[in-house]
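Here is the structure we will look at, set down as structure tokens.
The values are calculated or read from the model by the stated rules, or taken from the named source; none is laboratory data. Since this is a predicted model, take the numbers as computed values, not measurements. So basically every Cβ, Gly included, is an ideal-geometry build from the backbone, and we count neighbours across all protein chains shown.
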2 protein chains.
Amino acid sequence: MLGSPESAMIERRSLHLEIVERVRPLIVESELVPGSKVPEKALCEQFNVSRTPMREALKVLAAEGLVRLEPNRGAWVTSVTVDEVNEVFPVLTVLEALSGELACAHITDGEIRAVRKLHDRMMKSYADRDLALYFKINQQIHHAILLAARNDTLTKSSEALSARMQRARYAANMSEDRWAEAVREHEQIIAHLEARDAKRLGTVLADHMRNKQASVLRWLHADEAEDSATG
Amino acid sequence: MLGSPESAMIERRSLHLEIVERVRPLIVESELVPGSKVPEKALCEQFNVSRTPMREALKVLAAEGLVRLEPNRGAWVTSVTVDEVNEVFPVLTVLEALSGELACAHITDGEIRAVRKLHDRMMKSYADRDLALYFKINQQIHHAILLAARNDTLTKSSEALSARMQRARYAANMSEDRWAEAVREHEQIIAHLEARDAKRLGTVLADHMRNKQASVLRWLHADEAEDSATG
DNA sequence: ATAATAAATTTTGAATTCATAATTGAGTCA
DNA sequence: TGACTCAATTATGAATTCAAAATTTATTAT
């Protein structure tokens, strides 16, 4: 046993949570492919843990909506469907708006400067046409705003739903027009944040999220078309 | 073994979920007292299940925020604190507003009539000064609106947070004035729903929730005062 | 060759076991 | 009495075991 490298092993505190935090990115990053079966045994071997904590972790991931448990048939990676997008995004939209409003009330000057730095770096990544970097910084900005809202419940709810949507790797599909629009929205986001204009920041964040929803839907439809063409 | 009555036993499908749905009300109804240890062994005996599915269930309940897991010290029933109320209610408020807006778009005439019936019965319970019944129907109304929103993600998120707040059994503390105010708000809720006025329904539901938050906070403070007086 | 059935294998769900950590309680000493 | 130690007990976390269900493979009949 134990053919896995040292770095893949887990020893600290709450084992099942440790596993949740290791398996979740595998799902979010689509390393575990949507619609496929979660390879329970292989994951146990990979992390060198027994089935008990792994199965506990899968139950938590099921509660988060990242896997679906079929009685006597195991755990399956959920996939991003049109219906799911149309369900999750409206919720995410109001949470995002709330995070903006609360952030304006609680964010420190130092945190605003930090977001500004992220924003400027993101603009550079746009100028450089570095989509991957753009998306990474993008997420960091949204995360920073959530943290500034000083509401763990909001952060947890929002990031759980975000994780479900993040699996849609629609980035590659994003049009030049949409990218330019997103950039303009982000200019407004940083401006309203620096002005601590809660209402306007909430509104633009909500609009931003609705546009993202539309973008993800376009990606989903393109994906479907591709499937029916090649498959 | 097995001194528990037939009705307390569990046999169907997904055992851990079955347990979640049995233990959750014990927490929401405060039969498991806030701040106390979850009696894992006793619950296993009560439901006649082994520790494995019980512990899986506790992990799910921890994800929902109803219990807190302390490594090597077991599971503890979380209690409703001022900080938690001030965190959860703002989120609940925007979700409730969203549910109203979506409900206006999707609710059927039949469902509206059903909510109207609930509303009228609730008004009668108010006239009868039957607080317990009032609260029960109240919840049914909010649940009916959530269902009419046709968004499972929203329903799940909202009811998970509601469950956490429901443990605050602030009803007994609700003032006559607050009760009268809540009733007026409900008159508006049913009116806007029947008019399918999404924006206004969203707004009044949000206001209603904010008033509820204030009411819960008053109850919490009264409770604290009582503690420092008697304890 | 194909479909249907039956046997073998694997996977799943849940009980049990076992090592370790935490708690309790008895005994000791100031 | 009260604080402190250390043994006994209990609870916890996680691996293992075991029965049942599902899946795969082999076999038979058409």
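Determine, yes or no, whether residue B:131 is hydrophobic (A, V, I, L, M, F, W, C), in contact (Cβ under 8 Å) with a residue 12 or more places away in the chain and either farther than 21 Å from residue B:219 by Cα or within 14 Å of chain A (Cβ to nearest Cβ) (or both). So residue B:131 fails the test. Being outside any helix (DSSP H, G or I) and either within 14 Å of chain A (Cβ to nearest Cβ) or over 12 Å from the mean Cα position of the chain (by Cα) (or both), is that true of even one residue in the stretch B:173-191? For the stretch B:173-191, residues outside any helix (DSSP H, G or I) and either within 14 Å of chain A (Cβ to nearest Cβ) or over 12 Å from the mean Cα position of the chain (by Cα) (or both): present. Within the stretch A:59-81, the residues that satisfy the criterion of being in contact (Cβ under 8 Å) with a residue 24 or more places away in the chain and either touching a strand residue (DSSP E or B) at 6+ places or on another chain (Cβ under 8 Å) or at positive phi (or both) are A:61, A:65, A:66, A:67, A:74, A:75, A:76, A:77, A:78.
Exactly one residue out of B:118, B:161, B:131 is in contact with a helix residue (DSSP H, G or I) (Cβ under 8 Å, 6 or more places away or on another chain) and within 30 Å of residue A:164 (Cα to Cα), and it is B:161.
I need the full set of residues from the stretch B:135-166 which are touching a Gly at 6+ places or on another chain (Cβ under 7 Å) and within 12 Å of chain A (Cβ to nearest Cβ), in order please. Matches in the stretch B:135-166: B:164 only.
From the list B:137, B:141, B:145, B:189, pick out the single residue that is over 30 Å from residue A:160 (Cβ atoms), crowded, with 19+ Cβ neighbours inside 10 Å and modelled with pLDDT of 95 or more.
Checking each option against the conditions leaves just B:137.
Restricted to the stretch A:27-129, the set of helices (runs of 4 or more DSSP H) holding at least 3 residues that are touching a Phe, Trp or Tyr at 6+ places or on another chain (Cβ under 8 Å) and surrounded by fewer than 16 Cβ atoms within 10 Å (Cβ to Cβ) is empty.
Scanning the stretch B:158-189 for residues that are in contact with a Leu (Cβ under 6 Å, 6 or more places away or on another chain) and of a type in the set (Ser, Thr, Tyr) yields a single hit, B:158. Residue count for the stretch A:58-92 under the criterion of being more than 12 Å from DNA strand C (Cβ to nearest atom), facing another protein chain (nearest Cβ under 8 Å) and of a type outside the set (D, E, K, R): the result is 6. Evaluated against (1) surrounded by fewer than 20 Cβ atoms within 10 Å (Cβ to Cβ); (2) assigned to a loop (DSSP other than H, G, I, E, B); (3) touching a helix residue (DSSP H, G or I) at 6+ places or on another chain (Cβ under 7 Å); (4) at pLDDT below 95, residue B:168 falls short on exactly one condition, (1).
Yes/no per residue for (1) more than 29 Å from residue A:159 (Cα to Cα); (2) in contact with a Lys or Arg (Cβ under 6 Å, 6 or more places away or on another chain); (3) more than 13 Å from DNA strand D (Cβ to nearest atom):
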| site | (1), (2), (3) |
| --- | --- |
| B:27 | no, no, yes |
| B:35 | no, no, yes |
| B:38 | no, no, no |
| B:96 | no, no, yes |
| B:101 | no, no, yes |
| B:116 | yes, no, yes |
| B:119 | yes, no, yes |
| B:126 | yes, no, yes |
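Restricting the stretch B:4-26 to residues that are modelled with pLDDT under 95 and within 15 Å of DNA strand C (Cβ to nearest atom) leaves a set whose member that is surrounded by the most Cβ atoms within 10 Å (Cβ to Cβ) is B:14.
Comparison of A:98, A:58 shows that the only residue that is under 30 Å from residue A:201 (Cβ atoms) and aliphatic (A, V, I, L, M) is A:98. The requirement of being in contact with a strand residue (DSSP E or B) (Cβ under 6 Å, 6 or more places away or on another chain) and more than 9 Å from every other protein chain (Cβ to nearest Cβ) is fulfilled nowhere in the stretch A:39-55; no residue meets it.
Checked across the stretch B:107-115, the condition of being within 14 Å of another protein chain (Cβ to nearest Cβ) and touching an Asp or Glu at 6+ places or on another chain (Cβ under 7 Å) holds for no residue. Among the residues of the stretch A:82-128, those that are without any contact (Cβ under 8 Å) to a residue 24 or more places away in the chain and within 30 Å of residue A:40 (Cβ to Cβ) comprise A:83, A:87.
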